[in-house]
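> Here you go, one structure.
Nothing in this text is a laboratory measurement; each read-out follows from the coordinates by a stated rule. Note that the structure is predicted; figures quoted are calculated from it, not measured. Cβ coordinates were reconstructed from backbone atoms using ideal geometry, including for glycine residues, and neighbour counts include every protein chain displayed.
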Protein chains: 2
Amino acid sequence: MSTPPRRLHLNAFLMTPGHHDAAWRHPDSQPHRATDVTYFQQLAQTAERGKLDSIFFADGLAVWGRLRSNVSGGLEPLTLLAAIAAVTSRVGLIATASTTFNEPFHLARKFASLDHISGGRAGWNIVTSGSVNEANNFNLEEHIEHRVRYERAAEFLEVATRLWDSWGDDAVVLDKASGVYADPERVREIGHAGPFFQVRGPLNVQRSPQGWPLLVQAGSSEDGKEFAARHAEAVFTAQQTLDDALEFAGDVRARAAAHGRAGLPLILPGIVPVIGATEAEARALEDQLTELQVIDYGLGQLSAMLDVDLAGYPLDGQLPEHILPTEDQVNGNKSRFTLVADLARRERLTIRQIIARLGGGRGHRVVAGTPEQIADALETWFRAGAADGFNIMPPILPTGLDAFVDHVVPELQRRGLFRTEYTGTTLREHYGLPRPAAQFSEPVLASASR
Amino acid sequence: MSTPPRRLHLNAFLMTPGHHDAAWRHPDSQPHRATDVTYFQQLAQTAERGKLDSIFFADGLAVWGRLRSNVSGGLEPLTLLAAIAAVTSRVGLIATASTTFNEPFHLARKFASLDHISGGRAGWNIVTSGSVNEANNFNLEEHIEHRVRYERAAEFLEVATRLWDSWGDDAVVLDKASGVYADPERVREIGHAGPFFQVRGPLNVQRSPQGWPLLVQAGSSEDGKEFAARHAEAVFTAQQTLDDALEFAGDVRARAAAHGRAGLPLILPGIVPVIGATEAEARALEDQLTELQVIDYGLGQLSAMLDVDLAGYPLDGQLPEHILPTEDQVNGNKSRFTLVADLARRERLTIRQIIARLGGGRGHRVVAGTPEQIADALETWFRAGAADGFNIMPPILPTGLDAFVDHVVPELQRRGLFRTEYTGTTLREHYGLPRPAAQFSEPVLASASR
């Protein structure tokens, strides 16, 4: 295992109107701004004021969850991040995009464009899309099987990285006098022909400031961990206990080391910080949010996570174990299924109690307390080696991010755990990761296109 | 034919480093800024200063033309326009996107997002992608046949418009007290199942300010004109003479009227204004650009337009007619083929002369003169009914757009032909077009997703 870095990394996971499923009913939240670009621009500026490494948007290709009691219908992340890039200068910009329902040429091109537009701040959270609702929007009746999705993802990433490398950094000569704009020898076809994709290339975007966007991954199933170990530079994960987090980090790091990638990927567990001036104030906010939960919505979410219909089972009874599937029977988010089922068993929670616990962060760790207590929670996991940083998931936005930036970040800075100023300009520099050199592919570009 | 509108419309067609194929070698051009977002943001701000209706980016899904002597490798238009939206407030933002190599859910979502981000300024130039180089980047060895591409385009547009209509304008209730965010009866599946696409919906973006982006089309083949007549609200076209332009406009308007769309689409011929303080100065600039042309590049472009290899034929001889295909044999841009072949025959041009003529605007009309002469050229076509406005294609950027905005626009305003201030905020308002009402589709959203 590599020596933990001296400073931790912080990513702000943004979502209207915050991560608690009742946030939209809280007076501090702004659910009416779900399609308002200035809402997200202001949040990004807050993250930048706090010197955070990056902001991040999750994504899905269908309406999420039940419509009645849940904010949905927001903006597509890559388009949104380009508009955010225009009003920020340092904070990294990470978009989720699916390898199952996209073509590598399109995504490689969009991330290269965002990387140019942002001056080297683009990151890609690679997902394989877990729901049949998404498949139904892309010409399929049934969802593609989990393992096949990951096989496609690996080939997708191979094509994308070769496209990003298809222009040498020195390809543009720009000699007005002699009439040479680009050196055709420095722009090459990739000639990819695999089971999922046939892509000739080259990309039609010049090589971008970072070369490749930062590659992020968030699935924690067996397939997901293996993908992360082989390809990811940072991993978003959901862990409830320090023991689980240590086990996960050790597992992924050992797998990565076996692939010759010691020190990678950076492990960033999610945390929902419920911040109060006193611990009692934080607990009161937590209770207030629990009281605002719409129980039918929570039951639907829990049913989806567990891949069973829990309607009709007593809310104050425990989970009906006999109807639960096993992880290998789940074709969606396998790791989230296991996390929730284990949590319920370990703490012998009723259905109602599970809904309350999951409301805070959909399975992510929730910590309620003072800024010092939140900083303690981060420092403990960081020093224990369970995390290289954290995926910060404010329960309510914008207030939860303001509180984190104004009160927790200064505390982390006082402890010497977090930067007080950006030292680099690109997202890769923030995370201490190198810029990939362009690896040229053969054959060279056919003469007809020169 | 409808009465011509009182005021003409102006779109700025932006392209690094201008529309003349030798622009990049001219001292005034800035080809080093091909991936610099501020270059395009500044051009958009210039267009907005001139009260232009819109800016527009063409697009292709492969490296365009020959690499050696041509600026290529720029930014993806939708991503770029989101970054431009952030620094402008009125000018319309039109992106080209292909129906042949995209999925309707993705594009509908991106345009809806751009429309939200820009406050109702998104437009879509619908193209079917004419080159085999593009097919080769999307798993195909051969290109899809012209007519099939247009059949797919029609179904694509049907799916996209139904997705844009899948959220009623009043779907978001947002009652924090009762816990109702959206009315599930006002968000509906589209249940589309056709030969090309199966899409369940609804879209995962709330209905946008314009409802639908402005729908633009640019192909002038038989299939293209029929598509424009049925679906387009504005048409970009290339016409060399007033007679041809009148015939084209009359043809498209008559076809549209036959489909019950009298007064649509708006016809916007391209024009390359080479502007000088005197006519002699304008001619000198034109000559200077012709002298900077790279003849090999021009020959390659001409060969591509005509779908034959002209290498080896005498530059000072006429086109070798016996090797030219007929329009029905061309599977790329059919209308551009015919325009170029007709131009060469009509004026008995040598290959060298054709290259010089096409260098200015790839087949678009080039007018060199004073601001008054440019205004005359626009006014004549506008008053004759050959145009509802123009697609302005500056030969060199940024200087050519500055000259147009600073000298031609005021002249048009003096003549009462162009607005002196924006009267609306959306792109549809600029073009005098209505906002489509949401047409709900059956069946309603399945209860499982509510």
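> To make sure I understand, if each residue's beta carbon is the centre and we count other beta carbons within 10 Å, what order do A:His19, B:His407 fall in, fewest to most?
With the sparsest Cβ surroundings first, the list reads B:His407, A:His19.
> I need the shape label for the range B:313-397. Rule: rounded when a/c is under 1.5, else prolate if a/b > b/c, else oblate, with a, b, c from the alpha carbon gyration tensor.
Taking the square roots of the gyration eigenvalues as a ≥ b ≥ c, the range B:313-397 is prolate.
> Next question, about the same structure. Among bridges DSSP assigns within the protein assembly as shown, what percent are antiparallel (round to 5)?
The antiparallel proportion sits near 15 percent.
> May I pose another question? Classify the range B:63-208 as rounded, prolate or oblate from the Cα gyration tensor: take a ≥ b ≥ c as the square roots of its eigenvalues, call it rounded if a/c is under 1.5, otherwise prolate when a/b beats b/c and oblate if not.
Details: a/c = 3.11, a/b = 1.48, b/c = 2.10.
Taking the square roots of the gyration eigenvalues as a ≥ b ≥ c, the range B:63-208 is oblate.
> Then there is this: Using just the helices of chain A, give the 222 nm mean residue ellipticity in deg cm²/dmol: DSSP H runs with n ≥ 4 each add -39,500 (n - 2.57), and the total is spread over all residues, rounded to 500.
-11000 deg cm²/dmol
> In nm, what does the list of distances from B:Glu291 to its counterparts in the other copies look like, shortest first, when each label sits 7 Å along Cα to Cβ?
Nearest first, the other copies' label points are 8.3 nm away.
> From the label point of A:Gly260, set 7 Å from Cα along Cα→Cβ, how far away are the matching label points in the other copies, in nm, ordered shortest to longest?
List, nearest first: 6.6 nm.
> Taking the Cα centre of chain B as the origin, how large is its charge dipole in debye, to the nearest 20, when only Lys and Arg (+1) and Asp and Glu (-1) carry charge on their Cβ atoms?
Working: 43 positive and 55 negative charges, 182 e Å.
Dipole magnitude for chain B comes out near 880 debye.
> Using packing as a proxy for protection, rank B:207-219, B:333-345, B:111-123 so that the peptide with the highest average count of other Cβ atoms within 10 Å comes first.
Order by mean packing, descending: B:111-123, B:207-219, B:333-345.
> Now a separate question. Classify the range A:1-151 as rounded, prolate or oblate from the Cα gyration tensor: take a ≥ b ≥ c as the square roots of its eigenvalues, call it rounded if a/c is under 1.5, otherwise prolate when a/b beats b/c and oblate if not. It would help to have the intermediate numbers written out before the result.
On the way: a/c = 1.58, a/b = 1.15, b/c = 1.38.
Taking the square roots of the gyration eigenvalues as a ≥ b ≥ c, the range A:1-151 is oblate.
> Taking each residue in B:106-113, count the Cβ atoms of any other chain within 10 Å of its Cβ, then average. What number comes out?
5
> With θ set to phi - 60° and the Karplus curve 6.51 cos²θ - 1.76 cosθ + 1.60, what are the ³J(HN,Hα) couplings of the range A:272-277 in order, to the nearest whole Hz, using x for Gly and Pro?
9, x, 9, 9, x, 5
> Using only alpha carbon pairs under 8 Å that are at least six residues apart, calculate the relative contact order of the range B:148-200 and give it in whole percent.
33 percent
> While we're here: Along the range A:124-134, what does the Karplus equation 6.51 cos²θ - 1.76 cosθ + 1.60 (θ = phi - 60°) give for ³J(HN,Hα), rounded to whole Hz, x for Gly and Pro?
Per residue, the Karplus-derived 3J(HN,Hα) values read 10, 8, 7, 10, 10, 6, x, 10, 5, 4, 6 Hz.
> Now for a separate question. Which ³J(HN,Hα) values in Hz, rounded to whole numbers, follow from the phi angles of the range B:419-424 under the Karplus curve 6.51 cos²θ - 1.76 cosθ + 1.60, where θ = phi - 60° and Gly and Pro get x?
The phi angles translate into 4, 9, 7, 5, 9, x Hz.
> Can you spot the lysines whose alpha carbon is less than 16 Å from A:Lys334's alpha carbon? Ignore those fewer than 8 places along the same chain.
In chain and number order, the partners are A:Lys225.
> Mind checking the dipole of the range A:90-161: about its Cα centre, +1 per Lys or Arg Cβ, -1 per Asp or Glu Cβ, Debye to the nearest 20?
My answer is approximately 460 debye.
> Could I ask something else about it? State, as an integer percentage, the relative contact order of chain A based on alpha-carbon contacts under 8 Å between residues 6 or more apart.
Numbers: 869 pairs, mean separation 111.4, N = 450.
Over chain A, the number comes to 25 percent.
> Based on DSSP, what percent of beta bridges with both residues in chain A are antiparallel, to the nearest 5?
Numbers: 6 of 40 bridges.
Roughly 15 percent of the beta bridges in chain A run antiparallel, per DSSP.
> So, one more: Take every residue in peptide B:30-43, count the Cβ atoms of other chains within 10 Å of its Cβ, and give the average of those counts.
Across B:30-43, the average partner-chain Cβ count within 10 Å equals 3.
> So if each residue of separation counts as 0.36 nm, and I subtract the Cα-Cα distance between B:Thr290 and B:Arg345, what length gain in nm does that give?
Values: separation 55, 0.36 × 55 = 19.80 nm, distance 2.11 nm.
Roughly 17.7 nm would be gained on extension.
> Would you work out which of A:Gly130, A:Ser54, A:Leu107 lies farthest towards the positive end of the dipole of the range A:8-145, given +1 charges on the beta-carbon of Lys and Arg and -1 on that of Asp and Glu, about the Cα centre?
Value computed over the given set: A:Ser54.
> Among all the lysines, which ones have a C-alpha under 18 Å from A:Lys110's C-alpha, if same-chain residues fewer than 8 places away are not counted?
B:Lys110
> Using the charge dipole of the range A:154-301 (Lys, Arg: +1 at Cβ; Asp, Glu: -1 at Cβ; taken about the Cα centre), state which of A:Leu214, A:Phe236, A:Ala193 has its Cα farthest towards the positive end.
Checked the options; the winner is A:Ala193.
> Just need the relative contact order of the range A:334-443 here, percent rounded to a whole number, with Cα pairs under 8 Å and 6+ apart.
16 percent
> Using a label point 7 angstrom from Cα along Cα-to-C-beta, what distances in nm, from shortest up, separate B:Asp406 from the other copies?
In nanometres, ordered from closest: 4.7.
> Let me ask you something else. Placing +1 at every Lys and Arg Cβ and -1 at every Asp and Glu Cβ, with all other atoms neutral, what dipole size does the range B:261-314 have around its Cα centre, in debye to the nearest 20?
So the magnitude is around 380 debye.
> Find which of A:Tyr422, A:Pro398, A:Gln439 sits farthest along the positive direction of the dipole of the range A:339-450, computed with +1 on the beta-carbon of Lys and Arg, -1 on that of Asp and Glu, about the Cα centre.
Farthest along the dipole direction, towards plus: A:Gln439.
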